[in-house]
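The values are calculated or read from the model by the stated rules, or taken from the named source; none is laboratory data. Computed from a predicted model, the values in this text were never measured in an experiment. Virtual Cβ from ideal backbone geometry, glycine too; neighbours counted across all protein chains shown. These accessible areas exclude ligands, DNA and RNA; they are computed on the full protein's heavy atoms, side chains included. Shrake-Rupley method; radii C 1.70, N 1.55, O 1.52, S 1.80 Å.
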Amino acid sequence: MHALLDWLKQADTSAGIESTIRNRLRTPQPQAQPQRDIVSRSAVRAALITLVLATLVFWAGGPALAGEPEPTATPAGETPEEAPQEEPGDGGQPIEGESTQPLDVRTLIDYRVQPEDRSIRVVLDALATNQNPESIRREFGSVFYYAGYDLFIPVAATEPVALSQAGNALRVERIGYNEGFDQVTVFFDARFFVGETYQFTLEYDLPASRESDLFISENYFYFPAVADGTSSVVRVTVPPEESFAVTSDNPTCLPHASEQGVLECIVEGDPLVFVAFVEVMREDALVSTQRSVQLEGKAVNLVVEYFLGEEQWAESIADLVEGALPVLERVNGHPYAGPDAVTIRETARSETGGYAGHAQRNCEEGNCLIELLPVSSDFVALHEASHLWSNIFGERWLYEGMADWTAVKAAQEIGLDAAPPNATLEDLPPMDLQLINWTELDCPPLRCPENRDLDLYGYAKSLAFINLLEATVGEDVLRQVNASLAEGDSPADARTYLNAIEDVSGQNVSAEFLEWVFTPEDAPLLELRLQAREQYQQLSAEADAAGLVVPPLIAQQIEDWDFQSALDLMPVAAEVLPLFVAAETLASDERSTWERIGTLNSDPDENVENARIAFDEGRFEDARTEAEQAIEALEGAESTGKRRALIGGIAAGVLVVSIGVFLWFAGRHNIRRSPYRV
């Protein structure tokens, strides 16, 4: 990291006395504006740039993006010190205050990628023009001139070498500044005054490194590029004869129009600015190794693709994932149901959106792809591997929170550091974010730093809520819920997950979901849900006691969060249910002779069965009619039977008398007509 500073020296030519006054270099300001001390400028500039890097560096994760951000430390600023005022010489005129004019500094900074040496040569060519009207040559008295140039270089850099335009070696001082950067001062070998220029070159190497924001190997490079001066051209140069792809997260950095293998960024108007994170990747350098992992019900072919020269990384990742997959299957609570092949690919940040890892949640046919950076931690690898089971979830807080939760459980079981690398909820400033609103970002935080805090908070809050659910309903319940969701037809959203949690646990956690997941506008709907579920449980108990089943229609309405429709139906069902119970009770009693006679022209048993069928199908009015008919027939069966018996007896008596009269008259008629007499 570079920061441009200038040193203004005052010399008394008559007395031969020379002292140093430090001034802050800044963009041109009105003459009336005084400048601050150099110490203040270096501290502020370094703090700003380090903060930029901290904003842009991420660890991951992903859809089934499993991946989450990795913050870096920001150095504390230094207390400004007042520049000492020197007494002028005998022949000079007093100079009031500090200098108000900066140097005009134009730089060309070239990051030269050297694959064969696994290093980057950084060459900074600077042309400084003194525009300070107070820095003039004098024959007598005090004179002021610029004597040095300050900048920052990474701690990992080799010892820098500086040369003047004439090729003379310049004195360089290097002191530690913070854990990431050193301060370097290049001392000029000649005085240089207003209207004059001074040129020098500074060179150093960035050797092989495996840090999150500085990775240098044979086939993959990732590093920050910065500009310095009032105008700067930043170039990244790769061997043109080799198949390297050069990308950056700054769309204004473009391939050079005529030079092959050169990426160029032009920066104006700021003495110091972060330009981009640059990636250089050899496109034809991937090789692979394979393992076979036995999971419940199937063997999975694990393929690890990696950059040539990264064999140690590949073996480490293969060993980790091979041992972790069976554990992840168990802690997720349901068998792996994806393709028979899983590929883990070492890749660039440009492929992961800046996250430390990325995994496909909905795998392509025949293969699941997990992408990891060369610097991804073991926890990130577990998180991304757990996404192989997260296709049962349809919302980001669910699949990212559960991937973190299961990765923690798996890490504990296999003896790894179980803490996620990103910040916990307690470490972050409060944010107005309900989990249901945390969705996949159109622009990932590496390219849109303003999204960084949102992502950090989303990951932290998702895991914190899953931990809260574990404390409330238990670890086993969460696994059972996952198993039940795995049998569903579509990925679960917040509503489906709430239903499943309460169905499996028997506990009411709607208040927790309202606090963490849903928005305040969802409160009335959740109140309706509570009413509907309570009424449904009561109705189910009463129906079960009567040998009935609450119609699936009502259960489906509650499952679909159509609570008003369910609340409209259930009172009707509650009115019909006692009628059915009464009808069934009457129909089940043993019937007397009179009752059997009274029900000869009706079938109350059939009415009861029809009422049962109609109730189960949600045809409550039909069930009411059938039950009422059965009750009416059975309650009056005895009196009806007696009435029918009386009427039948009378009718039989009348019939007998009628037959007797008929026979009597018929007999008399036959006697009168007979020719014989006795």
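Reported count of residues in the stretch 317-340, each being small (G, A, S) and at pLDDT below 95, is 2. Of everything listed in (1) open to solvent by 50 Å² or more (accessible area, probe 1.4 Å); (2) touching a Phe, Trp or Tyr at 6+ places or on another chain (Cβ under 6 Å), the single unmet condition for G297 is (2). Of all the criteria given as (1) modelled with pLDDT under 95; (2) open to solvent by less than 20 Å² (accessible area, probe 1.4 Å), the one not satisfied by Q165 is (2).
Counting the residues of the stretch 345-373 that are in a loop (DSSP other than H, G, I, E, B), more than 19 Å from S248 (Cβ to Cβ) and of a type in the set (S, T, N, Q) gives 2.
Could you tell me which residue of the stretch 345-372 is surrounded by the fewest Cβ atoms within 10 Å (Cβ to Cβ), considering only residues that are of a type in the set (G, A, S) and in contact with a helix residue (DSSP H, G or I) (Cβ under 6 Å, 6 or more places away or on another chain)? Working first, answer last.
If we filter the stretch 345-372 for residues that are of a type in the set (G, A, S), which is where we start, we get 348, 350, 353-354, 356-357, 359, 366.
Narrowing the set further to residues that are in contact with a helix residue (DSSP H, G or I) (Cβ under 6 Å, 6 or more places away or on another chain) leaves 356-357, 359.
Details: A356: 31, G357: 29, A359: 31.
Going through the qualifying residues, I end up with G357.
The residues listed here are P240, P207; of these, the one that is touching a residue at least 12 places away in the same chain (Cβ under 8 Å), more than 38 Å from the chain's Cα centre (by Cα) and farther than 18 Å from L127 by Cα is P240. If I filter the stretch 273-280 for residues that are in contact with a Phe, Trp or Tyr (Cβ under 8 Å, 6 or more places away or on another chain) and at pLDDT below 90, do I get at least one hit? Scanning the stretch 273-280, I find at least one residue that is in contact with a Phe, Trp or Tyr (Cβ under 8 Å, 6 or more places away or on another chain) and at pLDDT below 90, so the answer is yes. Within the stretch 434-454, the presence of at least one residue that is open to solvent by less than 20 Å² (accessible area, probe 1.4 Å), at pLDDT 90 or above, in contact with a helix residue (DSSP H, G or I) (Cβ under 9 Å, 6 or more places away or on another chain) and closer than 30 Å to D249 by Cβ is confirmed. Give the stretch 253-301 a look and list any residue that's free of Cβ contacts under 8 Å to residues at least 12 places away in the same chain and hydrophobic (A, V, I, L, M, F, W, C), or say none. Correct list: L254, A257.
Count of the stretch 156-184 residues, restricted to those that are hydroxyl-bearing (S, T, Y) and without any contact (Cβ under 8 Å) to a residue 40 or more places away in the chain, is 1. Being surrounded by fewer than 21 Cβ atoms within 10 Å (Cβ to Cβ), out of contact with any Leu (no Cβ under 9 Å at 6 or more places or on another chain) and either assigned to a strand (DSSP E or B) or of a type in the set (A, V, I, L, M) (or both) is a property that R210 has.
Residues of the stretch 396-417 that are among the small types (G, A, S) and surrounded by fewer than 24 Cβ atoms within 10 Å (Cβ to Cβ): A411, G415. Scanning the stretch 380-395 for residues that are open to solvent by 10 Å² or more (accessible area, probe 1.4 Å) and part of a helix (DSSP H, G or I), which turns out modelled with the lowest pLDDT? Result: N391.
Within the stretch 168-192, which residues are assigned to a strand (DSSP E or B) and open to solvent by less than 40 Å² (accessible area, probe 1.4 Å)? Spell out the reasoning first.
Just the residues of the stretch 168-192 that are assigned to a strand (DSSP E or B), to begin with: 169-170, 172-176, 181-192.
If the condition is that a residue be assigned to a strand (DSSP E or B) and open to solvent by less than 40 Å² (accessible area, probe 1.4 Å), then L170, F181, D182, Q183, V184, T185, V186, F187, F188, F192 are the ones that fit.
Which of the following residues is closer than 21 Å to E400 by Cα and open to solvent by 10 Å² or more (accessible area, probe 1.4 Å): E322, E305, E329, E310?
Numbers: E322 fails: closer than 21 Å to E400 by Cα; E305 fails: closer than 21 Å to E400 by Cα; E310 fails: closer than 21 Å to E400 by Cα.
Checking each option against the conditions leaves just E329.
Look at (1) in a loop (DSSP other than H, G, I, E, B); (2) open to solvent by 30 Å² or more (accessible area, probe 1.4 Å) and you find that V273 fails only one, number (1). No other residue among V342, V287 is more than 30 Å from D228 (Cβ to Cβ), open to solvent by 20 Å² or more (accessible area, probe 1.4 Å) and not in a helix (DSSP H, G or I) apart from V287. Across the stretch 447-475, what is the total count of residues that are hydroxyl-bearing (S, T, Y) and part of a loop (DSSP other than H, G, I, E, B)? Of the residues in that region, 0 qualify.
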